[in-house]
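Structure first, commentary second.
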Amino acid sequence: LQEQCVVVNAAARGQQTDIAFGGGHEAAIKQSGVNATASGNTQIVALVPGKKIRVLWALVGNSGAAVVDVNFQSAAAAITATMPLAVDGGFMANPQPAWLCETLIGEALNINLSAIGAVAVTLGYIEV
C-alpha cells in the first residue's frame, strides 16, 4: 500500500522549488529526462547514496519506426510492468496523490528498452 504524496506549489509558499510530502518525508521535486536509443538500460537518474528515487510522474514517447517495450528499473531489476510503445505512441503517468514507482536505496533509475528505438522520457521525482 502506497502512502499518499502531496505536492505543494512553490508560488503558494513564496519559494523557488515545489516540494512533496509523503510518508514522513519532505523533498524538493526534481526533473530529469533522457532520449534512450539503445536496447537495454539507459540511466535516467544517477544513484543517490542512502536514498530512494521516487517517481511522481512520467511522460514517455516513442518516435522510432518500431514498437518498443519499456519498463522502469532500479539498477537492473524491473520496478514497473513492461509497457509496449507503438510507433509515434506514448503515455503520461501521473498517479496523484500516490506515486508511480521507486528504486531501492542507493540504486539508479533506468529505463529499459526491448529493442533499438527512439524513446524520450521526462519525469518528476523526489529523493527519499
The range 102-122 scanned against label point 7 Å out from D88 along Cα→C-beta; backbone N under 20 Å for 117-121
In nm², the average projected area of the convex hull spanned by the Cα atoms of the range 75-128 is 4.5 nm²
Of W99, W57, ordered by accessible area with the largest first and a 1.4 Å probe, the sequence is W57, W99
Over all viewing directions the Cα convex hull of the range 28-102 casts an average projected area in nm² of 5.4 nm²
For the range 22-111, the accessible surface attributable to carbon and sulfur atoms (probe 1.4 angstrom, ligands and nucleic acids excluded) amounts in percent to 56 percent
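The values are calculated or read from the model by the stated rules, or taken from the named source; none is laboratory data. All values reported here derive from a predicted model rather than from experimental measurement. Cβ coordinates were reconstructed from backbone atoms using ideal geometry, including for glycine residues, and neighbour counts include every protein chain displayed. To get the accessible areas, we keep the full protein, side chains included, count just its heavy atoms, and leave off ligands, DNA and RNA. Shrake-Rupley method; radii C 1.70, N 1.55, O 1.52, S 1.80 Å.
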